[in-house]
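The values are calculated or read from the model by the stated rules, or taken from the named source; none is laboratory data. Worth saying up front: this structure is predicted, and the values here are computed from it rather than measured. Cβ coordinates were reconstructed from backbone atoms using ideal geometry, including for glycine residues, and neighbour counts include every protein chain displayed. Calculation scope for accessible area: heavy atoms of the full protein, side chains included, ligands and nucleic acids excluded. Shrake-Rupley method; radii C 1.70, N 1.55, O 1.52, S 1.80 Å.
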Amino acid sequence: MKTIDVTALGELLIDFTESGISPQGNRLLEVNPGGAPCNVLSMLRRLGKETCFIGKVGKDLFGDLLEEALVSAGIGIRGLQRDPAVNTTLAFVHTKEDGDREFSFYRNPGADMMLECSDLVPDLITGAKIFHFGTLSMTHEGCRAATKEAIRIAKESGALVSFDPNLREPLWNSLEEAREQVDYGLRHCHILKISDNEIQWF
């Protein structure tokens, strides 16, 4: 019996967003929990849905903050792993005059990249009605294998598969590699969350 509405796998990170100017005239940065998969889960929790997250953060201050944020939001954390050797991924977000955003990532490596097949909690996937993922967990070989294994488990269990390409160009070795992985996601999903610019790029 499927008791989880949505399980999502992917990146959980800190977004540093611009938040005004200090009295000394320096830009202020606000620490925000981030990562597209958990943004989806957070909104679903507000709608009263049962959700779980599978991913990895560092065993550090930022990892503590992110785990606390998931618990506070009511998102299940049994699939959250803590890596003692690799720090939590950080992203610095700059909003341009036209409202578009630019990202600078500290992820070389970041803990979210360290997710492996052995980190998966299969019953969080088989027990979900919908399995959701994006491409940030497909930028590198180890986490890519874990993502594809999770997709296989989800499909075999009869779950719907939801996919968000969420293209972040700086995180890929090449855009051709990105296109290959987006194509994989498109071929294996039932539900697609995609932006106009990603459609045009693809």
The chain: relative contact order as a whole-number percent, Cα under 8 Å and 6+ apart: 20 percent
Protection proxy ranking of 29-36, 188-195 - average other beta-carbon atoms within 10 Å, highest first: 29-36, 188-195
Dipole axis of the stretch 1-77 (+1 Lys, Arg; -1 Asp, Glu on Cβ), positive-most option in THR7, CYS38, ILE77: THR7
At least 15 Å along the helix axis (C-alpha) and Kyte average at least 1.6, DSSP helices within the chain: none
Computed lengthening from SER157 to LEU65, 0.36 nm per intervening residue step minus Cα-Cα distance: 29.8 nm
LEU61 accessible area, 1.4 Å probe, all protein chains in place, Å² to nearest 10: 120 Å²
Semi-axes of the equivalent ellipsoid for the stretch 21-114, Cα gyration tensor, largest first, Å: 25, 18, 13
Percent of Cα pairs exceeding the 24 Å cut-off, where the set is the stretch 51-202: 36 percent
Computed accessible area, LYS148, all protein chains, 1.4 angstrom probe, square angstrom: 60 Å²
Heavy-atom accessible area per residue - the chain, 1.4 Å, Å²: 51 Å²
Largest to smallest accessible area among THR95, THR3, THR139 [probe 1.4 Å]: THR3, THR95, THR139
The chain, accessible surface, carbon-and-sulfur percent (1.4 angstrom probe): 50 percent
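Find the all-direction average of the projected area of the Cα convex hull for the stretch 86-130, expressing the result in square nanometres with one decimal place.
Here the figure is 5.2 nm², rounded to one decimal.
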Simple Cβ-charge dipole of the chain, Lys/Arg +1 and Asp/Glu -1, about Cα centre, in debye nearest 20: 620 debye
Computed lengthening from GLU116 to THR3, 0.36 nm per intervening residue step minus Cα-Cα distance: 38.2 nm
Positive-end residue of THR139, ILE153, GLN200, charge dipole of the stretch 66-202 with Cβ unit charges: ILE153
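Could you compute Rg(Cα) / (2.2 N^0.38 Å) for the stretch 9-67, with N its residue count?
Output field value: 1.38.
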MET43, MET1, MET114, MET138, ranked by accessible area, largest first (probe 1.4 Å): MET1, MET43, MET114, MET138
Length released on extending from PHE202 to SER104, taking residue separation times 0.36 nm less the Cα-Cα span: 33.0 nm
Span from the the stretch 112-152 Cα centroid across to the the stretch 45-88 one, whole angstrom: 15 Å
Global form of the stretch 96-154, assessed from the alpha-carbon gyration tensor, a/c cut-off 1.5: oblate
